[in-house]
Structure formats: structure tokens, C-alpha cells
1. Enumerate the residues in the range 72-103 having an amide nitrogen under 13 Å from the point lying 7 Å beyond the Cα of H187 toward its Cβ.
2. If r is the Cβ-Cβ distance from N83 to M1 and R0 is 41 Å, what FRET efficiency results, to the nearest 0.05?
3. Counting each DSSP H run of 4 or more residues in the chain as -39500 (n - 2.57), what helix-only mean residue ellipticity at 222 nm follows after dividing by all residues, to the nearest 500 deg cm²/dmol?
4. Relative to the longest principal Cα axis of the chain, at what angle does helix 107-120 sit, 0 to 90 degrees, rounded to 10?
5. Given 25 °C and 0.890 mPa s, compute D for the chain with the Stokes-Einstein relation, Rh being the Kirkwood radius over Cα pairs; round to the nearest whole µm²/s.
6. Given a Förster distance of 35 angstrom, what is the FRET efficiency for E68 paired with E173, based on the Cβ-Cβ distance and rounded to 0.05?
7. Report the trypsin sites (Lys or Arg not before Pro) located in the range 1-88 that are in a DSSP loop and have at most 13 other Cβ atoms inside 10 Å of their Cβ, or state none.
8. Along the positive direction of the dipole of the range 5-212 (beta-carbon charges: Lys, Arg +1; Asp, Glu -1; about the Cα centre), which of P192, N123, T135 reaches farthest?
Amino acid sequence: MKKIIVTIDGWSSCGKSTLAKQLAHKLGYIYVDSGAMYRAITLYFLRNHIDWTDPGQVHQALTDITLEFVPNSKSGQSEIYLNGENVEYVIRDLVVAEKVSEVAAIKEVRAFAVAQQQQMGRNKGIVMDGRDIGTVVFPDAELKIFMTADNAVRVERRFRELYEKNPNVSLEEVKSNLEMRDYIDSHREVSPLRQAEDAIVLDNTNLTPAEQFKKALTLVEGIARSEGQ
Ligand code: CDP
Ligand code: CDP
């Protein structure tokens, strides 16, 4: 089948990366977690005490940042490296989640990330998830999925994930983080989160990962076939 670009955008913690990984694995495509790039940039800013309200400091910091996705030698899952260090796990921390939406709203930060994302998709055969992938990064993508799920379900899913790593985390702080990020992400001036006109909505409130995968795979196969073998 001809290789296509699949974009998956949507609200925080609704299952985008779970679906993107499933599809990429099945199709033999590259998977790119664009949110990991914004999280890694935020981690760098926090660690280096960058004042991101100062455009000069942001500009200098971005020239000092190199991001790479490298497959894990055991699982094969792609993991993000910041200046040579594997930061795949540390970027999931709430400390980063508390600031990432502020950093991701900065125009120069977005230009830096988007240029690299577009480069990664130049040969197609890619599944990328995020907030602006179908609207800005790959507006001509063959398949655009917009994911959503009930707020309470999303909070519960992310809470369970974080609680496994840190039992001190509370449901309340996860809830307020998700609400805050969704608000900033959908109200920012540059590339706000919104559904592309030609995106297909996938509400997975009552779907298991296996069920959502089945639905999405049917969409991919239909589109890839209509694009020509
Ligand atoms: O996985 P989760 O839904 O928690 O978020 P993520 O995909 O890791 O993204 C973290 C943050 O990065 C989001 O809340 C956005 O602020 C930002 N982001 C963005 O602005 N544009 C993207 N394409 C991806 C993420
Ligand atoms: O990438 P995003 O932030 O949208 O979400 P995710 O990291 O893929 O999924 C958040 C959590 O929800 C993970 O623990 C998934 O296993 C879980 N999930 C689920 O329980 N049911 C689904 N249909 C999809 C995801």
C-alpha cells in the first residue's frame, strides 16, 4: 500500500499516543510524539533557568538544544533524547506538565519544533500525534484523526498512569493540570488546538485501546487503498 501521513490531534490524555503507536507498529511507519518535543524543550528551560518571557533567552536556548528520536534497543519504541540524554521518562513528570503549555505557546519554540516535524515526515509513512499536526504541520495529510474522550475519563486515565510512578500524586492536581493545559492549548495565538475541517472525530470514552485501534485501522486502510497501491 502507498505510504501516507496520519495525524492524530486532540485533548490531553485522550489516548492519542496509544493509538499512534499501535498504528505505526502495524503499518511499519515512523511514530513521532510531537508533545515530547515541547516537553523536552520545557525541561531544558527549567533546568537552565531560562526566562521564557525574554525572546533573547529563548532564541539562545533553542540554538543550544538538539532533539532526537531513537528506538529503544529492547522495545523498539522511539524515545526522545535532549542533547544526547534520554529524557523520555523525566519529561512525563507533572513539574514539566505544569509549564509545557506556556512554553509551547511561544512562536519561536513552535517554529523550531514544526520545522523538525515536517522534515521527519518528508517521505511519508509517518504517524504523528499532537495538537496542530493536521492543521499546521501536515495540512495535506491523507488521514487526520481528532481524538476526544470525556473529561473525567481522561483525568482518571492520566491519574492512573502517574500514580503508578508516584503515589503522592493527587487526582485533583492531575485534573487541574489537564484543564489548564487544554485551556491554554486551545486559546493560544499561534497554532491553537482545533479540529481540522477534514479531520475524523474519534471519541474513545467507551473504547478500549484495542477497539480504538480497530476503528482507526479501518480508516487508514480505506484511505491508503483509495490513494492507490
Ligand atoms: O500526552 P499529553 O496529552 O499529556 O500531552 P503531550 O502530547 O505530551 O503534549 C504536552 C504539551 O505540549 C501540550 O499540552 C501542548 O501544550 C504542547 N503541544 C503542542 O503545543 N503542540 C503539539 N503538536 C504537541 C504538544
Ligand atoms: O497521548 P495522550 O495524552 O492523548 O494519551 P495516552 O498517553 O495515549 O493515553 C493516556 C492513558 O489512557 C494511557 O494510560 C492509556 O493506556 C489509556 N487509554 C485507555 O485507557 N483507553 C483508551 N482507549 C486509550 C488510552
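1. 102
2. 0.65
3. Numbers: 9 runs with 108 residues, N = 229.
The per-residue figure over the chain is -14500 deg cm²/dmol.
4. Value to nearest ten degrees: 40.
5. 136 µm²/s
6. After rounding to 0.05, the efficiency reads 0.65.
7. K2, K74
8. Working it through, the farthest residue towards the positive pole turns out to be N123.
Rule-based calculations on the coordinates, nothing more; no lab input. Because the structure is predicted, anything quoted here is derived from the model rather than measured. Neighbour counts are summed over all protein chains in view; Cβ atoms, including those assigned to glycine, are modelled from backbone coordinates with ideal geometry.
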